[in-house]
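What follows is calculated from the coordinates using simple rules that are stated; it is not laboratory data. From a predicted model like this one, the values you see are computed outputs, not experimental measurements. Cβ atoms come from the backbone with ideal geometry, glycine included; neighbour counts cover every protein chain shown.
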Amino acid sequence: MRRVELLAPAGDLLKLKIALHYGADAVYLGGTEYSLRARASNFTLQDIEKGVRFAHRSGRKVYVAVNAFFHPEDAKGLPGYLKKLEAIGVDALIVASSGAASLVGQHTSLPFHISTQQSTTNSEAVRFWEGRGAGRTILARELTMDELERLRKATDAELEVFIHGGMCASYSGRCTLSNHMTHRDANRGGCAHSCRWDYDLYAMNDKLDIETPFSLGSKDLCAVREVPRLIGMGIDALKIEGRMKSIHYIATVVNVYRRLIDAVLQDDPIDFAALEEEIAKAENRPTGQGFLKGSPSHTEQLYNLRSEPVNKVFLGIVKAYDEKREEAVIDVRNRFSAGDTLEILTPAGPSAPFRVESLFDEEGYPLQTARHPRERIRLKTPRKVEPYDLLRRV
Amino acid sequence: MELFVKTSADHLSDLLEKEVDGIIVGVEGFSVRMKENVAPSALAMLAAKTKRADKRLWLNLNAFIHETALDALEVFLGQIAELPIDGVLFADFAIMRLAEKKGLVSRLVYHAETSPTFAEDVRFFERAGVQAVVLGRELTIKSMETIAAKTEIPLVFVGHGRLNMFHSRRRLLSNYFAITESDDEKGMPEDSFTLREESRNEHYPVYEDIHGTHIFRDSPTQSFTVWERLEKILSFFIVDGLFYDERRLREIVDDCIAVQKGARGGDIAKKYPDHDEGFFFRETFAKEEEEKKR
């Protein structure tokens with residue numbers, strides 16, 4: 001079986017570390033300029049350098065998205081930026097436009113991946129880009145499992161497939177709803193997600209008398225049950241979407257897919273329902289299988305969209321562990337108290353629930369409640385924990 | 001600047017009598033958002049008819065090509081290599097790859113609608129040897145001029161018609177009628193639906209076909225007010241006939257010819273109060289902070 005890469009989003013340096021801690025083989029991120037997720041907390045060059053150093057220490061990779069559709073005023077300085085990324089040692093660039101692909105080739109010797117913004121749907125297009133130097137093509141999210149399998153058989157080129165996260169309702173890179181409706185350019189990082197708004201449907205100029213608003217938006221993708229077949233057919237990289245998602249989400253989703261991929265590769269039994277249940281702990285939107293199971297029906301669409309509260313609360317991040325005292329130092333994110341029942345999410349999965357017996361501040365004084373976000377507290381844990389493990393309420 | 005019109009075979013005869021330079025038609029299986037897609041078997045006759053009128057014929061092969069359609073595409077490109085087809089608009093790079101194999105690259109015209117958007121995009125196609133490049137629809141006139149100043153290849157723009165702003169492979173109308181168990185769509189012509197977002201008094205035409213769901217701008221675009229500037233940078237100007245009936249399309253073409261011959265674009269534009277200038281003077285923003293600065 002081909003080695004498959006689990007690729008996770010990194011919205012900032014902490015999320016990069018969390019994604020790698022929970023088992024990503026590679027992360028992708030965007031710089032403060034030239035990237036498509038302008039509102040994600042993007043990386044400065046200095047942070048990219050730190051992230052690359054951190055990832056390379058454990059043999060993992062960092063890809064940088066340079067995937068906007070540049071307008072003349074945006075492209076100034078792009079060659080210099082690309083050279084700086086090469087000097088930093090990033091492993092590949094993700095590009096969406098033919099011009100950006102050309103500039104990468106002209107100014108660096110870095111590999112580049114063709115972004116899903118190109119909406120590549122067939123093996124001849126993959127070969128086209130391979131012939132122009134692309135190291136990998138990230139396929140369109142509109143492909144069914146059967147189409148992916150046919151495409152895989154038709155080419156040996158490196159292929160990447162989305163397995164989890166939000167999806168464009170439109171073919172990616174071809175939508176200008178946001179441009180028209182809000183002046184925010186969907187293809188330069190300004191997408192207003194107009195596809196997630198409610199619309200009224202009119203026929204022959206009369207509003208149809210239907211209570212449910214019309215929606216273009218789709219459920220998020222969750223391909224837990226398709227991963228074994230994707231690995232079996234030889235897809236090279238499985239990608240999780242979500243540079244703007246929370247630490248808790250990144251940790252939970254990466255952890256689930258890491259454990260799933262390892263189980264597939266080791267031919268271990270897989271409890272899909274348990275993995276889906278675990279993802280639901282951090283997911284606040286309904287999920288479906290997108291196009292993977294064929295043309296999506298109404299059950300894959302979002303109508304009357306509302307966010308669901310996640311059923312686990314992320315309480316803090318482990319910063320250190322004192323083996324002598326069997327205490328974890330926690331960077332608090334949400335309030336919890338002595339007597340609460342918690343669990344720890346580790347790379348091996350969630351721990352058994354445990355009751356908080358006692359809490360201490362950094363000086364060792366007892367606390368009844370950890371109240372303040374970012375305060376450091378000490379907490380006795382039932383087993384040894386590692387930095388970047390997460391504390392959650394059960 | 002030559003004048004091309006996206007139209008149907010039905011409207012062809014009328015347009016061939018006019019001073020248009022070329023006609024663009026769709027082809028069954030490979031085209032979307034066209035008034036009509038002709039059968040591949042009808043192309044030889046159509047090409048001959050166009051040649052007799054001393055006009056050029058372009059095909060708009062702008063559909064996404066899925067893996068199962070590749071064999072048919074290769075056969076079709078082999079077929080048109082033998083025909084006097086002057087141009088092939090394409091968006092999917094499978095077409096460029098197969099055109100390279102069949103010696104068709106010099107007939108290609110890149111037309112992905114949202115790109116190219118800067119000079120280096122255009123140069124990519126210049127180096128590849130394609131015939132021309134259609135500029136991204138969301139560019140300002142100033143950006144178009146900047147690109148033109150830095151590139152050599154003939155540039156094209158779809159400057160008149162109702163621009164597409166969304167194409168999903170999903171069957172969004174069918175899905176909606178299924179979830180709401182509505183019969184409202186029964187008997188309705190496919191082009192009768194529009195969408196309206198509650199805070200905007202705009203109606204966006206929407207329809208569904210075998211390629212998915214398509215949504216268009218509320219107002220069609222006209223370019224008469226910027227005609228002189230476009231003439232300095234474009235080699236080809238395209239009128240998209242999709243939402244116009246035969247009479248209206250004829251009027252538009254007549255007005256384009258009139259302005260080509262020196263009529264004042266500003267005066268002609270007054271005949272189009274329901275049209276706007278698209279993105280010519282409407283800057284879009286990559287980031288919220290840029291928008292706030294304005």
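Descriptive notes on the structure:
- Principal axis box of the range A:22-158, alpha-carbon based, largest edge first, Å: 42, 40, 29
- Note on A:212-225: average number of Cβ atoms from other chains within 10 Å of each residue's Cβ is 3.
- In this structure, the residue pairs whose Cα-Cα separation is over 18 Å, taken from B:Lys55/B:Lys232; B:Lys6/B:Lys35; B:Lys18/B:Lys51; B:Lys142/B:Lys232, are B:Lys55/B:Lys232.
- Within-9-Å neighbourhood charge of B:Ile65 [Cβ basis; K, R +1; D, E -1]: -3
- Here's the list of lysines a cross-link from A:Lys50 could span, going by alpha-carbon distance under 20 Å and ignoring same-chain residues fewer than 8 apart: A:Lys15, A:Lys17, A:Lys61, A:Lys83, A:Lys84, A:Lys319.
- Acute angle (nearest 10 degrees) that the helix A:45-57 long axis makes with the longest principal axis of chain A, alpha-carbon atoms: 70 degrees
- Per-residue shielding of B:87-100, expressed as the average number of other chain Cβ atoms within 10 Å of the residue Cβ, stands at 4.
- Taking the helices alone, chain A has a mean residue ellipticity at 222 nm of -7500 deg cm²/dmol, built from -39,500 (n - 2.57) per DSSP H run of at least 4 residues and averaged over all its residues.
- Report note on the peptides A:349-357, A:10-18: ranked by the mean count of other C-beta atoms within 10 Å, highest first, their order is A:10-18, A:349-357.
- Pairwise Cα distances in the range A:162-211 exceed 12 Å in 69 percent of cases.
- Amide H partners (placed H, <5 Å) of A:Lys61, local residues excluded: A:Ala26, A:Val27
- As computed over the range A:274-382, the Cα convex hull volume per residue (Å³): 133 Å³
- Cα Rg, Dmax, the protein assembly as shown, angstrom units: 27.1, 95
- Under 5 Å between amide hydrogens, built in the peptide plane, is the criterion, and for B:Asp276 it picks out B:Thr221, B:Gln222 among residues at least 5 positions away or on other chains.
- With the alpha-carbon atoms of the range A:79-177 aligned to their principal axes, the span from lowest to highest coordinate is 40, 35, 22 Å, starting with the largest.
- Among the residues of A:68-78, the average count of other protein chain beta-carbon atoms within 10 Å of the residue beta-carbon is 6.
- Report summary: the helix-based calculation at 222 nm, which adds -39500 (n - 2.57) for every DSSP H run with n ≥ 4 and divides by the residues of chain B, gives -10000 deg cm²/dmol.
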